[in-house]
Amino acid sequence: MIEAQQLTKWYGPHLALDRVDLAAPQGRVLGFLGPNGAGKSTTLRILTGYMPATSGSAVINGHTVTDDPFAVRRSIGYLPESTPLYPELRVREQLHLFGRFHHMSRSDRRARIDYLTDRCGLDAIINRPIGQLSKGNKQRVGLAQAMLHDPPVIILDEPTAGLDPAQIRDVRQLIRSLAQKKTILLSTHILSEAEQTCDSLTIINRGRIVATGSPDQLKRQARAQSRIVMETAADPQSVRATLAALPAVADVQHESADDRWTTITITTTPQAGDIREQLAQTAADQQWLVRELRHEIGSLEAYFIQAIDGEQKQSA
Amino acid sequence: MRNTLTIAQRELFSFFYSPIAYVVIALFVFIASSFFIARTFSPGQVAEMNKLFEALIWVLILIAPAISMRLISEELNTGTIESLATAPVSDAALILGKWLGALACYACTLLPTLAFCFYLELYANPDYGPIASGYLGLVLVGALYLAIGVFASALTQNQIIAFVTTVFIILVFTVFTYYMPGLIGSADTSLLAANISLSVAAPLIPITVTAVAVIARLATASNSFTATATIITLVALVALWALLAIPSAHTLARIASYLNINEHYYDFAKGVIDLSDIVFFVSAAGLFLAFAVVAMESRRWR
């Protein structure tokens, strides 16, 4: 279980986190989504106790981060952003080293490393020096290290960075298979990734939480403000005037596609949804020549960009 | 404790993985051998190694920082500190483990010089007592230098800055404390001595304060911390200066010579094991290790 309340972090005069709330119950994968520099890593570092928040509190697995840092360190597996590993050690030695820090017995370590070698696909590299490994392989070693002591809470900072599509799929399956028993918090800036892996998402931008919900909820919100694109040969000004008068239409924009055709973009009101039938009827009544009528379904990406743009406009 | 030994063990392993190890060992053995041949190993000489030891003590000023500079700076630079600091390893265990590991590396550097005993044994009957005490002294001096090195390494992610800072601190406790009593002692009347000690010590205050400010700013990147550290240092130094300069210049001279590392070492080289010397080295090393723990903790809380 992860619970953070009102986390605020100042770096000198720069406000990196502004009253961030996070909640991840057990058995869930929480995705922490945001553009680069939004404050994702800062938040994760505060949760793991690597650095303190200026104010606010965080509780991991029932332990307050600032009061009981060692209990927190024992209950988390953490993959930092840059996947720091000792280049001079072999993969097996690196895992044994951190197993020893967690006071695992030699036989425990061996059993666990054998298991993780299998789960994380380390068979081919387990005896190789880490300095020789590719980014993707290092990432897998880092993941194995985060799961080494079988912690109840796993915190992963960009776990799929540097992986190829096949490896990303493997990591996603690994995370999903762990999800029932653990609390997993992962940060990413790749939306499709978050959508497929996570049970709930928190979107952060410029140190502030801008949206929270399941991927479906967020998509529904995105869809609510959908757009309809129409290509017509009719006079753009009269089309705009006619359409703007419709109650379901919030905004109409146009740009000419070529000499004859014009692309009209119609933003509907949040309640209206898909109004293509109504538009087709209007076009027929007005005798407009129409060659395309398309409903642009709001994607999570659209919502993400919209949420972040909205935030930026507000603060500007 | 278990974590301390784990860290020490890995440090020793990593030392021999890095090229620094071989440069350090080769350099040390070469210099030691040169001194041994030039000053000890010749016909008519007494079969003892104290001249060698007195020379080696100066070589350590460069050897120890070369071993210690990467200890924590490298972890800070590559980011591995983030994994360590979020694993259940305390800062004290980390610092102690790093220091013990460095001490083991240093012991490996000293080891080849034991061959000199073999050469002396071949041609003469050396007295092993002073040789043993000389080595004990070398280990104690090395332990103190490495503790200073761990502290400097915890301040910065730049290994070169760590090296230079270590050498600087060591020079303060060897060269500076050696010349200062001489300057003060040359005055006859206590009034004149007091004036000289005032004038000798006064320029040290801005120098030290500037050094503290620069190191604090480099290490913390925090203006408020730098300001606080600088002001505290300034006030402490002025207070100390006034305290020392007013009563007697000879007090200052005595303190300086007490703080001189070489003074404590020469007894060992001569074959005298004085408990007060051992207390000096152990407590000074402990102090710098404590500073290093504080430096690590301050890194976490900013």
Exercise for review: Could you grab the pairs with beta carbons closer than 7 Å, sequence gap of 6+ or different chains, first residue in the stretch A:80-101 and more than 8 Å from chain B (Cβ to nearest Cβ) and in a helix (DSSP H, G or I), second one surrounded by 20 or more Cβ atoms within 10 Å (Cβ to Cβ) and hydroxyl-bearing (Ser, Thr, Tyr)?
Suggested key: A:Gln94/A:Tyr86
Exercise for review: Output the number of residues of the stretch A:97-156 satisfying the condition of being in contact with a Pro (Cβ under 9 Å, 6 or more places away or on another chain) and surrounded by fewer than 15 Cβ atoms within 10 Å (Cβ to Cβ).
Suggested key: 3
Practice item. Being surrounded by 19 or more Cβ atoms within 10 Å (Cβ to Cβ), under 25 Å from A:Pro52 (Cα atoms) and more than 14 Å from chain A (Cβ to nearest Cβ) is the filter here, so list the residues in the stretch B:257-302 that pass it. Key: B:Leu289, B:Ala292, B:Val293, B:Ala295
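Is it the case that B:Ala147 is within 14 Å of another protein chain (Cβ to nearest Cβ), of a type in the set (Gly, Ala, Ser) and either within 22 Å of B:Asn3 (Cα to Cα) or in contact with a Cys (Cβ under 8 Å, 6 or more places away or on another chain) (or both)?
On the way: within 14 Å of another protein chain (Cβ to nearest Cβ): no; of a type in the set (Gly, Ala, Ser): yes; either within 22 Å of B:Asn3 (Cα to Cα) or in contact with a Cys (Cβ under 8 Å, 6 or more places away or on another chain) (or both): yes.
Taking the combined requirement at face value, the residue does not satisfy it.
State yes or no: is B:Leu140 closer than 23 Å to B:Ala284 by Cβ, in contact with a helix residue (DSSP H, G or I) (Cβ under 6 Å, 6 or more places away or on another chain) and at pLDDT 90 or above? Steps first, answer last, please.
Details: closer than 23 Å to B:Ala284 by Cβ: yes; in contact with a helix residue (DSSP H, G or I) (Cβ under 6 Å, 6 or more places away or on another chain): yes; at pLDDT 90 or above: yes.
When the stated conditions are applied, B:Leu140 passes them.
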Review point. So A:Arg110 clears everything in (1) away from chain B (no Cβ under 14 Å); (2) in a loop (DSSP other than H, G, I, E, B); (3) touching a His at 6+ places or on another chain (Cβ under 9 Å) except one condition, right? Which one?
Key: (2)
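Quick check, is A:Ala179 surrounded by 15 or more Cβ atoms within 10 Å (Cβ to Cβ), under 17 Å from A:Pro84 (Cα atoms) and of a type in the set (A, V, I, L, M, F, W, C)? If you could, list the steps in order and put the result at the bottom.
Numbers: surrounded by 15 or more Cβ atoms within 10 Å (Cβ to Cβ): yes; under 17 Å from A:Pro84 (Cα atoms): no; of a type in the set (A, V, I, L, M, F, W, C): yes.
So A:Ala179 fails the test.
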Study note, to complete from the structure: Given (1) more than 24 Å from the chain's Cα centre (by Cα); (2) part of a loop (DSSP other than H, G, I, E, B); (3) surrounded by fewer than 21 Cβ atoms within 10 Å (Cβ to Cβ), A:Ala161 misses just (1)
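Yes/no per residue for (1) under 30 Å from A:Val153 (Cβ atoms); (2) within 16 Å of the chain's Cα centre (by Cα):
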{"residue": "B:Ala87", "(1), (2)": "yes, no"}
{"residue": "B:Ile95", "(1), (2)": "yes, yes"}
{"residue": "B:Thr113", "(1), (2)": "no, no"}
{"residue": "B:Glu121", "(1), (2)": "no, no"}
**Study point:** Which listed residue is assigned to a helix (DSSP H, G or I), within 14 Å of another protein chain (Cβ to nearest Cβ) and farther than 30 Å from A:Leu47 by Cα, from B:Phe35, B:Phe30, B:Phe53, B:Phe15
**Key:** B:Phe15
Review point. Residues in the stretch A:65-72: is at least one out of contact with any Cys (no Cβ under 9 Å at 6 or more places or on another chain), of a type in the set (Gly, Ala, Ser), at negative phi and within 10 Å of chain B (Cβ to nearest Cβ)?
Key: yes
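The values are calculated or read from the model by the stated rules, or taken from the named source; none is laboratory data. Nothing here was measured: the structure is a model prediction, and the numbers come from that model. Positions of Cβ are backbone-derived with ideal geometry, glycine not excepted, and every protein chain shown enters the neighbour counts.
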